[in-house]
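Okay, so here's the structure we're looking at.
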Amino acid sequence: IGWLLVSALGIGGWSFVYSRRLALQTPLARELRPVVFQWAYLAPVLVTEAILVAYAIYLYPQLPATHLATHFDLAGRPNDWMDRDSFLIFYLGITLLCTLLNVVVVFWATREPLIAIDRLGKSWWMTPERGLIFLGLIMATVNLFFTVVLWDVAMFNIQGAHPVPMEMFFWIVAPILVVTVAGFFLLAQRRSVS
């Protein structure tokens, strides 16, 4: 896992530098300016991360210290276990990566033009400011999903049963995708093609 993460970070870093050099030579780079920082860009992801961490702290003393069921098959039976500390460090670390990604993008956008996926086809465009709000809402949704998963893991380990059937987690993804697509069209603007 460590080797995969290092490889992914290396490839991601190289792709970023390469695509940035190409993007800065485009006419669009001359049209855009760095954005002015607003807390609205980061508030959704910071608030949801704080909720998740607070919930993890609340659950900590209630969870088994050495034999915590952390993964389940489709029938809801546990098939992997960890100790409590390792699980929470790993779990919160993953969510923190999403939050840090959001913070880095906002930090970068306030220092140089943000050239990213800001359009759909030729007629739907999103300003960098709205794009940062959109990114924050997506990452906040991811944090909320992780909170629900943590709730399920905790309830299984505390009460011995899942609070909802495992199939429900598959149905949680569909509304997230719908909300994401709807959010794009709410924040984007339609431009006439010349």
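Just so you know, all these numbers are worked out from the coordinates, no wet-lab data involved. Bear in mind that the values here come from a model prediction, so they are computed numbers and not experimental data. Every residue, glycine among them, receives a Cβ derived from its backbone with ideal geometry; neighbour counts consider all protein chains shown.
What is the gain in length, in nm to one decimal, between GLN62 and ALA174 on full extension, counting 0.36 nm per residue of separation less the C-alpha to C-alpha distance? The partial results should precede the final answer.
Values: separation 112, 0.36 × 112 = 40.32 nm, distance 3.14 nm.
Gain on stretching GLN62 to ALA174: 37.2 nm.
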Using alpha carbons only, how many angstrom separate the centre of region 138-185 from the centre of region 67-94?
16 Å
Give the relative contact order (percent, whole number) for region 43-115; include only Cα pairs under 8 Å separated by 6+ residues.
26 percent
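Please state, rounded to one decimal and in Å, the Kirkwood hydrodynamic radius that region 44-114 gives when every pair of distinct Cα atoms enters the mean of 1/r. All intermediate terms of the calculation are to be shown ahead of the outcome.
On the way: mean 1/r = 0.0702 Å⁻¹.
Across region 44-114, the inverse of the average 1/r is 14.2 Å.
Quick one, what does Rg over Rh come out to for region 30-76 if you take C-alpha atoms and the Kirkwood Rh? Before the final figure, lay out the partial values.
Numbers: Rg = 19.3 Å, Rh = 14.8 Å.
Ratio value, two decimals: 1.31.
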Burial-style ranking of 63-71, 158-166, 126-134, average other-beta-carbon count within 10 Å with highest first, yields 126-134, 63-71, 158-166
Taking H as built 1.01 Å from N, whose amide H comes closer than 5 Å to the amide H of PHE72, not counting residues under 5 places away?
ASN79
